[in-house]
Structure formats: structure tokens, C-alpha cells
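This report concerns only the one structure given below.
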Amino acid sequence: MAGILAPGLTRTLRSLSPLAGQLLEKALGNLRWSRRTLYVQMASPKEVKASIANVEPNLAVEMSEQEVLEEKLENVKAVLQAYRFTGLSGKLTSRGVCVCINTAFEGNLLDSYFVDLVIQKPLRIHHHSVPVFIPLEEIAAKYLQTNIQHFLFSLCEYLNAYSGRKYQADRLQSDFAALLTGPLQRNPLCNLLSFTYKLDPGGQSFPFCARLLYKDLTATLPTDVTVTYQGVDALSTSWEEQRASHETLFCMKPLHQVFASFARKGEKLDMSLVS
């Protein structure tokens with residue numbers, strides 16, 4: 001071994017004790033072996049690069065997907081924390097997060113609904129209690145993968161509006177049944193209501209017929225209102241004005257508030273509601 005060493009190293013080894021010289025010579029041999037291995041690897045750069053290329057992209061993709069999922073989970077937690085006083089709440093689950101949406105109208109707490117989200121790629125809804133007539137799939141297709149906050153807010157809009165319309169219809173049936181001359185007809189979404197009513201239940205006047213359509217499913221006031229006077233072909237000027245006033249009131253105020261005005265004033269409308 002000493003014969004193949006550089007002259008300077010050979011002299012150094014000879015000047016050492018036999019044991020120290022052996023140890024140093026062995027260390028130098030290991031260094032040479034490492035250098036030869038490095039030369040071999042450098043002689044095949046394509047193979048080395050190919051090996052690295054096979055590992056690094058997969059690792060990068062895995063890390064990227066994991067980071068995206070963690071970010072989505074953090075976004076949901078941030079939304080729930082920031083808006084916990086507006087009807088949104090939730091808790092973490094083994095799959096992701098379960099969001100609870102509490103609806104309300106005019107300060108009255110109404111129904112609650114939940115959506116169990118699985119935080120994976122792609123995000124998906126594991127289970128929910130949203131009524132079938134709420135366009136949950138459409139909302140999810142638009143926003144769930146790109147903007148969880150927008151998804152939750154949009155769903156809240158639909159559910160709060162539905163609960164608000166249902167609340168108004170329920171109040172009309174329970175509180176003002178005396179003014180109705182027939183059953184209140186409504187569809188499950190409560191965006192189409194029709195009913196007949198009289199302002200003087202014991203009088204001889206003909207009843208009004210009302211049809212309220214809510215084209216905007218995120219609204220609690222109707223977009224189209226039609227009020228007719230049942231039993232006659234033509235109305236006097238005063239009755240026509242009253243019919244038109246009813247249409248205006250139904251467009252501008254919640255249903256039960258309009259009927260509360262009817263009940264207080266009888267045949268004389270409380271026109272202050274219009275202003």
C-alpha cells in the first residue's frame with residue numbers, strides 16, 4: 001500500500017508508529033474507494049438524473065396534494081371560527097369536518113342542517129340533512145372544489161331563505177286563519193304560495209285571491225305577486241286601488257306582517273307599511 005502513495009504521504013507514514021501508520025493508511029484507502037464510486041456516478045449523469053427525476057416529482061406531488069388538503073381544512077376551520085355567530089358552526093371528524101347551519105328569520109331560530117365534508121382530493125360530501133329540493137349538488141359543483149367559504153355561504157343563503165319563507169307561511173296559517181277563506185297552498189320549497197282571504201271575515205264582500213312566486217330561491221320576499229278579486233269581473237276604483245295596494249304590500253313586507261296590518265285595521269289598510 002505504501003508503494004502507491006504519494007512520496008510525501010509515504011514519508012509521513014514511515015515517521016509514524018506502526019499502529020498509527022496502519023490506521024492512517026486504512027483511512028486513505030477508504031477515501032480512494034469513495035472517490036472511485038463518485039467517479040462512476042459522475043460518468044453516468046443520465047442515470048443519476050433519471051433516478052432523481054423518478055423520486056422527486058412523486059415526492060413533490062405527494063407533498064403538494066397533502067399541503068392543499070391541509071390548507072382546505074384550515075380554510076374551513078377559519079370560516080367556522082370567524083362566522084360562528086352567524087349560524088355556522090362545526091366540529092372536526094376523522095374524515096374532515098361536519099358543518100352545522102342554523103337558520104333564522106327576524107331573530108327567530110329555526111331549523112338546523114348539517115353537511116359532513118370529507119377533506120380529501122377531491123373534496124366530497126359524505127352525508128347531509130339538506131332538503132332534497134335545495135340545489136345542493138349544483139352549489140357543490142360550482143364552489144366546493146374551488147372555494148369552500150363560498151360554498152358554505154351560498155348554501156346558507158338557500159337554507160335561510162327557505163326557512164324564512166316557510167316561517168311566513170306557517171305564521172299565516174297559525175295566526176291569521178280567521179282571515180283565510182280556504183287552505184293555504186304551497187309547494188315543498190315554499191316558493192309558490194296561493195290563498196284566498198277576506199278583510200272582513202263576517203262581511204259579505206268577495207274574497208281576494210293571491211298568488212306569490214319567489215323566483216329567487218335565496219330571497220324571502222316574492223318576485224311576482226298577483227292579487228285578484230274573486231266573484232266579480234270589474235272592480236270599483238276604490239277596490240282596484242286596494243287590490244293594487246295588496247300587491248305592493250306582499251312584495252315589500254313579510255307575509256305575516258301584512259296580515260297583521262289587515263287584522264289591526266280591518267278593511268282599512270295600514271299604508272304606513274308601504275313607506
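Throughout, read-outs are computed from the coordinates displayed, never taken from laboratory work. Everything numeric here is computed off the predicted structure, so don't read it as measured data. Neighbour counts are summed over all protein chains in view; Cβ atoms, including those assigned to glycine, are modelled from backbone coordinates with ideal geometry.
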Neighbour cut-off at most 11 other Cβ (10 Å), DSSP loop, chymotrypsin sites (Phe, Trp or Tyr not before Pro), segment 123-230: none
Pairs beyond 32 Å (Cα-Cα), from Lys91/Lys215; Lys91/Lys142; Lys91/Lys166; Lys91/Lys253: Lys91/Lys215; Lys91/Lys253
Phe133/Asn108 FRET efficiency (R0 22 Å; Cβ-Cβ; nearest 0.05): 0.50
Difference of contour (0.36 nm per residue) and Cα-Cα distance, Thr248 to Gln145: 32.9 nm
Segment 88-241 - convex hull of the alpha-carbon atoms, volume per residue in Å³: 130 Å³
